[in-house]
1. For segment 124-137, how many residues meet the condition of being under 22 Å from Pro251 (Cβ atoms) and under 16 Å from the mean Cα position of the chain (by Cα)?
2. Is at least one residue of segment 189-200 among the polar types (S, T, N, Q) and not in a helix (DSSP H, G or I)?
3. Please determine, by comparing only the residues of segment 179-214 that are at pLDDT 95 or above and among the β-branched types (Val, Ile, Thr), which one is farthest from Ser224 (Cα to Cα).
4. Considering segment 88-107 alone, what residues qualify as being under 16 Å from Val51 (Cβ atoms), assigned to a loop (DSSP other than H, G, I, E, B) and touching a residue at least 60 places away in the same chain (Cβ under 8 Å)?
5. Scanning segment 68-110 for residues that are over 15 Å from the mean Cα position of the chain (by Cα) and among the small types (Gly, Ala, Ser), which turns out surrounded by the most Cβ atoms within 10 Å (Cβ to Cβ)?
6. Can you name every residue in segment 108-137 that is outside any helix (DSSP H, G or I), charged (D, E, K, R) and either at pLDDT below 95 or under 19 Å from Arg166 (Cβ atoms) (or both)?
7. Is it the case that some residue within segment 162-172 is free of Cβ contacts under 8 Å to residues at least 60 places away in the same chain, surrounded by fewer than 22 Cβ atoms within 10 Å (Cβ to Cβ) and not in a strand (DSSP E or B)?
8. What number of residues within segment 233-264 satisfy the criterion of being in a helix (DSSP H, G or I) and touching a residue at least 12 places away in the same chain (Cβ under 8 Å)?
Amino acid sequence: MNDLPNPMLPLSPVSLPRGSLHRQGASEGAAHTALGGNGVEVVWARHLDEVRQAQRLRYEVFVTEMGARLKSPIEGHDIDIFDDFCEHLLVRDSGTGQVIGTYRVLTPEQARRAGSTYSDTEFDLTRLRDLRPRMVELGRSCVHAQYRHGGVIMALWGALADFMVRNQLDTMVGCASIPMLHNGLVCGNAAASIWRKLRATNLASMEYQVFPRLALPVERLDASLDIEPPALIKGYLRLGARVLGAPAWDPDFNTADLPMLMRLVDLPLRYRRHFLGDGDVCMVR
């Protein structure tokens, strides 16, 4: 196995918060839970071959399943310039060892080393500058088609919440994708309709609003469709996330991307108790 070339933010060995998915005495960076009798393991990638497993899953979901057109230095892998700077969170089927879900996390220090976040390539994030010292970027989230139920996502979110608290981080940002394929046709009407609804109910305050670099032309689309946001976006909204502005168009992934921001302090009480063990969130000021 090849060790990752970049230094990684330590996954601290201090006592874990009550209610996290980690078990006392478990190996550093690992967490375990059970889904309907089938065990899953949540781990942070430690070696390059583990990152490659996540990249192969991403390729399967984004390219083979969703039709993204991506350039990659390794066939059958979704790889971009940010991967070497990111932490990679994996969910494995503990019976088979197969990676069935993944997130990548770009920490503030690594974002400085990379020169930007992925979200910076899609949006002007100037208004978030005061949040950056404690802000991580979440990206490339996906789950294998045979495991798409709430338990896998909850396992990922539990590990992310633990990571944030232990490393004194409080803000998450990322691009949440809406497929451009609707009723068998490639168009932006679904994304425009979802944006219309969320703008009225979940838009962040002006001080945090951002602007797309390649805007989806929502003014020229039918925004009257009665359509629900994708499940992942609905999950973020339940956790207290806010939409930061109008969607960008990502031609490579053939998606409309909504900029979203979530802060631990905004977690509803029941989710604080679930992920953090109580109703209190210690914020760094």
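1. Going through segment 124-137 one residue at a time, the tally reaches 1.
2. No, that holds for no residue.
3. Out of the qualifying residues, it is Val210.
4. Thr107, the sole residue that qualifies.
5. That would be Ala68.
6. The one that is outside any helix (DSSP H, G or I), charged (D, E, K, R) and either at pLDDT below 95 or under 19 Å from Arg166 (Cβ atoms) (or both): Glu137.
7. Within segment 162-172, not a single residue is free of Cβ contacts under 8 Å to residues at least 60 places away in the same chain, surrounded by fewer than 22 Cβ atoms within 10 Å (Cβ to Cβ) and not in a strand (DSSP E or B).
8. Result for segment 233-264: 6.
The values are calculated or read from the model by the stated rules, or taken from the named source; none is laboratory data. Being a predicted model, the structure only gives us computed values, none of them experimental. So basically every Cβ, Gly included, is an ideal-geometry build from the backbone, and we count neighbours across all protein chains shown.
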